[in-house]
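Okay, so here's the structure we're looking at.
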Amino acid sequence: MASTIPDPLDGPAPVSPFPAGTDRAGTDRAGRVEARGIDFIPDGERHGRARELFAVWAAPNVSYLSLVVGGALVLMGLNLWQSLTLIVVGNLFWLLVGLIATSGPAAGAPSEVIMRAMYGIRGNRVIIAITGWFVSVNYLALNWAAASLAAFGLLGGLGVPVGTPVKIVTIVAIAAATLAISVYGHATIVKLYPLLTWALTAAFAVLAVYVLRHAHWDHQPAEPLRGPALWAALTAALALVASAPLSYNNSADFSRYLPRATSPKAVAGWTALGAFIPSVLFTALGTLAGTAVDMTDPQTALAAILPDWFEPVFLLSVIIGTIANNAMTAYSSGLALQAVGLRLRRSRSVALDGALGLALTLYALLVSDFLDTVSNLLQVMVVLLGPSMAVYATDVLWRRNRYDGRALGDERRGGPFWYTGGVNPAGVIALLTGAAVASQCVNTPMYTGAIAKAAGGVDLSLPAGMVISAGLYVLLMRSRRAAIR
């Protein structure tokens with residue numbers, strides 16, 4: 001039995017969340033609190049089409065964070081065309097996000113449960129606590145900090161004194177709006193995000209007009225990078241761009257309600273395209289802006305090239321985009337907390353994670369250089385997130401996307417995914433080995449590994465960690481082929 005308590009549809013939670021006569025296919029409806037958590041989604045409750053995933057993934061990626069990352073590439077000393085090339089290459093990792101999304105309809109379960117096949121019941125709890133829950137809560141804080149800064153600027157422009165009480169109310173309001181979407185859950189996200197996608201795209205399209213007017217297509221850094229310094233910048237930039245897709249090893253969370261017969265190619269394609277297109281376009285927009293203004297402080301810099309009438313619209317779009325991004329993050333963090341073993345209703349686990357993220361946001365707002373915080377956090381996370389994504393994607397291919405959702409929910413000792421003492425040695429060893437190697441190949445302002453130092457600062461954490469984890473996982477799983485279900 002899954003470690004979750006379903007949210008009641010009406011009133012106190014009954015023994016079964018679906019009383020006799022309930023239309024089970026209607027339990028996941030927009031405007032109603034989603035009843036399911038990490039438990040199995042029966043065929044009778046499956047609904048929707050793969051193409052709905054496009055907007056689900058597009059809305060959170062029409063984002064201010066993309067602009068920040070794009071601007072950071074210019075600050076790292078890359079020229080325009082080097083930056084644009086890396087933006088395309090780094091965002092190709094969304095293909096892996098699309099691949100693992102196919103496991104959702106196959107299993108009828110979220111990623112946090114499917115990963116039990118890779119790490120075992122007990123092993124998965126530890127892995128999810130780090131790569132799922134911890135990472136998500138930190139992203140909540142980081143994104144809310146960005147939205148809050150935009151909100152402070154918006155209020156200040158409207159003549160509202162932005163003192164401490166106003167700041168607190170503003171931060172809480174942004175968090176509350178985010179968590180409301182997350183608590184209502186899957187169907188509300190699917191219904192709301194197409195509208196957010198169009199609204200945000202319209203706002204950022206206007207921004208693009210003004211950025212393109214000021215962009216320098218022949219931009220070159222004052223001192224062009226060469227030799228080891230160039231390779232160090234290129235590899236670090238690739239890790240920075242790729243860190244966004246690699247942080248979404250939970251894409252099955254948003255595809256698990258689709259009918260079992262849904263085409264895996266359609267699921268993978270709509271998921272990957274929905275994220276890839278806006279990520280490339282708006283990260284590139286940030287790079288183009290970086291050729292015209294100093295993107296060390298993106299919000300202030302962009303205000304210098306925008307007309308007065310549009311600046312409030314831009315700031316509002318930053319806030320809305322962050323809410324869209326964080327609503328998905330909070331949703332998955334709630335599932336992660338359940339998968340770790342806390343017996344909470346999904347709505348309550350989301351609220352708990354939101355409270356923690358809110359507390360961390362206050363700390364994030366005290367950091368003097370927000371851009372450095374973003375860059376350092378994203379680059380360091382690649383050490384763990386890359387191998388985690390590699391193991392998941394490899395498992396999908398290894399099993400040919402055949403997952404038994406009910407068996408994955410069986411947490412009993414000796415169950416089908418109990419493995420050895422509740423741990424699958426193949427997955428854990430592959431992940432930890434890949435992460436250990438990646439940690440020696442990483443090069444960030446916070447930490448530089450021994451291999452990166454020996455290579456003149458070249459950051460090979462991304463390919464090294466992922467290739468080693470994927471290869472080792474296959475080798476170890478072959479040795480226990482008979483145990484694979």
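Somewhere in region 63-80, is a residue over 30 Å from LEU285 (Cβ atoms), polar (S, T, N, Q) and more than 22 Å from the chain's Cα centre (by Cα)?
no
Checking the conditions here, which among ALA107, ALA117, ALA147, ALA129 is within 28 Å of SER63 (Cα to Cα), in contact (Cβ under 8 Å) with a residue 12 or more places away in the chain and over 16 Å from the mean Cα position of the chain (by Cα)?
ALA147
Which condition does LYS191 not pass, out of (1) crowded, with 23+ Cβ neighbours inside 10 Å; (2) part of a helix (DSSP H, G or I); (3) not aliphatic (A, V, I, L, M), if it passes all the others?
Failing condition for LYS191: (1).
For region 160-167, indicate whether the set of residues that are modelled with pLDDT under 90 and in a helix (DSSP H, G or I) is non-empty.
The answer is yes; a qualifying residue exists.
Which pairs turn up if I take residues in region 202-223 that are under 22 Å from ILE277 (Cβ atoms) and look for partners that are of a type in the set (Ser, Thr, Tyr) with beta carbon separation below 7 Å, at least 6 apart in sequence or on another chain?
If the second residue must be of a type in the set (Ser, Thr, Tyr), the pairs left are ALA203/SER317; PHE204/SER317; ALA215/THR291.
Considering each of LEU149, LEU154, LEU142, LEU195 in turn, give the residue that is farther than 30 Å from ASN424 by Cβ, of a type in the set (A, V, I, L, M) and in contact with an Asp or Glu (Cβ under 9 Å, 6 or more places away or on another chain).
LEU154
Which residue pairs have Cβ atoms closer than 8 Å, lie 6 or more positions apart in sequence or on different chains, and pair a first residue in region 30-49 that is free of Cβ contacts under 8 Å to residues at least 40 places away in the same chain with a second residue that is among the β-branched types (Val, Ile, Thr) and assigned to a loop (DSSP other than H, G, I, E, B)?
Filtered contacts from region 30-49: ALA35/THR27.
Taking helices (runs of 4 or more DSSP H) that fall entirely within region 386-485, which contain at least 3 residues that are out of contact with any Lys or Arg (no Cβ under 7 Å at 6 or more places or on another chain) and free of Cβ contacts under 8 Å to residues at least 60 places away in the same chain?
In region 386-485, 425-441, 450-454, 461-478 are the helices (runs of 4 or more DSSP H) which contain 3 or more residues that are out of contact with any Lys or Arg (no Cβ under 7 Å at 6 or more places or on another chain) and free of Cβ contacts under 8 Å to residues at least 60 places away in the same chain.
Which members of region 438-452 meet the condition of being farther than 15 Å from GLY465 by Cα and surrounded by fewer than 15 Cβ atoms within 10 Å (Cβ to Cβ)?
PRO445, MET446, TYR447
Condition first: aliphatic (A, V, I, L, M), touching a residue at least 24 places away in the same chain (Cβ under 8 Å) and either assigned to a helix (DSSP H, G or I) or surrounded by 16 or more Cβ atoms within 10 Å (Cβ to Cβ) (or both). Now tell me which residues in region 150-159 satisfy that.
ALA150, ALA151, LEU154
Condition test on ARG260, is it crowded, with 22+ Cβ neighbours inside 10 Å and among the charged types (D, E, K, R)?
no
Condition (residue is in a loop (DSSP other than H, G, I, E, B), at pLDDT below 95 and surrounded by fewer than 17 Cβ atoms within 10 Å (Cβ to Cβ)) applied to region 226-236: is it met by at least one residue?
Yes, some residue in region 226-236 is in a loop (DSSP other than H, G, I, E, B), at pLDDT below 95 and surrounded by fewer than 17 Cβ atoms within 10 Å (Cβ to Cβ).
Listed here are the residues, each with its yes/no results for (1) charged (D, E, K, R); (2) within 16 Å of ARG122 (Cα to Cα); (3) modelled with pLDDT of 95 or more.
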{"residue": "PRO416", "(1), (2), (3)": "no, yes, no"}
{"residue": "PRO425", "(1), (2), (3)": "no, yes, yes"}
{"residue": "VAL437", "(1), (2), (3)": "no, no, yes"}
{"residue": "ILE451", "(1), (2), (3)": "no, no, yes"}
{"residue": "ARG485", "(1), (2), (3)": "yes, no, no"}
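Mind checking which pairs have a first residue in region 165-191 that is at positive phi and a second that is buried (at least 23 other Cβ atoms within 10 Å of the Cβ) and part of a helix (DSSP H, G or I), Cβ under 8 Å, 6 or more apart or different chains?
Qualifying pairs under 8 Å: GLY185/TYR331; GLY185/ARG346.
A quick yes/no check of all residues on (1) modelled with pLDDT of 85 or more; (2) small (Gly, Ala, Ser); (3) assigned to a helix (DSSP H, G or I); (4) out of contact with any helix residue (DSSP H, G or I) (no Cβ under 9 Å at 6 or more places or on another chain):
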{"position": "GLY334", "(1), (2), (3), (4)": "yes, yes, yes, no"}
{"position": "ARG348", "(1), (2), (3), (4)": "yes, no, yes, no"}
{"position": "ALA355", "(1), (2), (3), (4)": "yes, yes, yes, no"}
{"position": "LEU358", "(1), (2), (3), (4)": "yes, no, yes, no"}
{"position": "LEU371", "(1), (2), (3), (4)": "no, no, yes, no"}
{"position": "SER375", "(1), (2), (3), (4)": "no, yes, yes, no"}
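Would you check if there is a residue in region 53-65 being at pLDDT below 95, within 29 Å of ASN124 (Cα to Cα) and crowded, with 18+ Cβ neighbours inside 10 Å?
Within region 53-65, one or more residues are at pLDDT below 95, within 29 Å of ASN124 (Cα to Cα) and crowded, with 18+ Cβ neighbours inside 10 Å.
Against the conditions (1) touching a residue at least 40 places away in the same chain (Cβ under 8 Å); (2) more than 21 Å from the chain's Cα centre (by Cα); (3) under 25 Å from PRO60 (Cα atoms), where does ASN138 fall short? Just the number, please.
So the condition that ASN138 fails would be (2).
Do we have ILE277 as surrounded by fewer than 21 Cβ atoms within 10 Å (Cβ to Cβ), at pLDDT 95 or above and closer than 25 Å to VAL211 by Cα here?
When the stated conditions are applied, ILE277 passes them.
Among the residues of region 280-305, which ones are in a loop (DSSP other than H, G, I, E, B) and surrounded by fewer than 17 Cβ atoms within 10 Å (Cβ to Cβ)?
Selection gives ASP294, THR296, ASP297, ALA304, ILE305.
Does at least one position in region 120-129 carry a residue that is modelled with pLDDT of 95 or more, of a type outside the set (A, V, I, L, M) and within 24 Å of ASN325 (Cβ to Cβ)?
The answer is no, given that none of the residues of region 120-129 is modelled with pLDDT of 95 or more, of a type outside the set (A, V, I, L, M) and within 24 Å of ASN325 (Cβ to Cβ).
The values are calculated or read from the model by the stated rules, or taken from the named source; none is laboratory data. From a predicted model like this one, the values you see are computed outputs, not experimental measurements. Note that each Cβ is placed from the backbone with ideal geometry, even for glycine, and that neighbours are counted across all protein chains shown.
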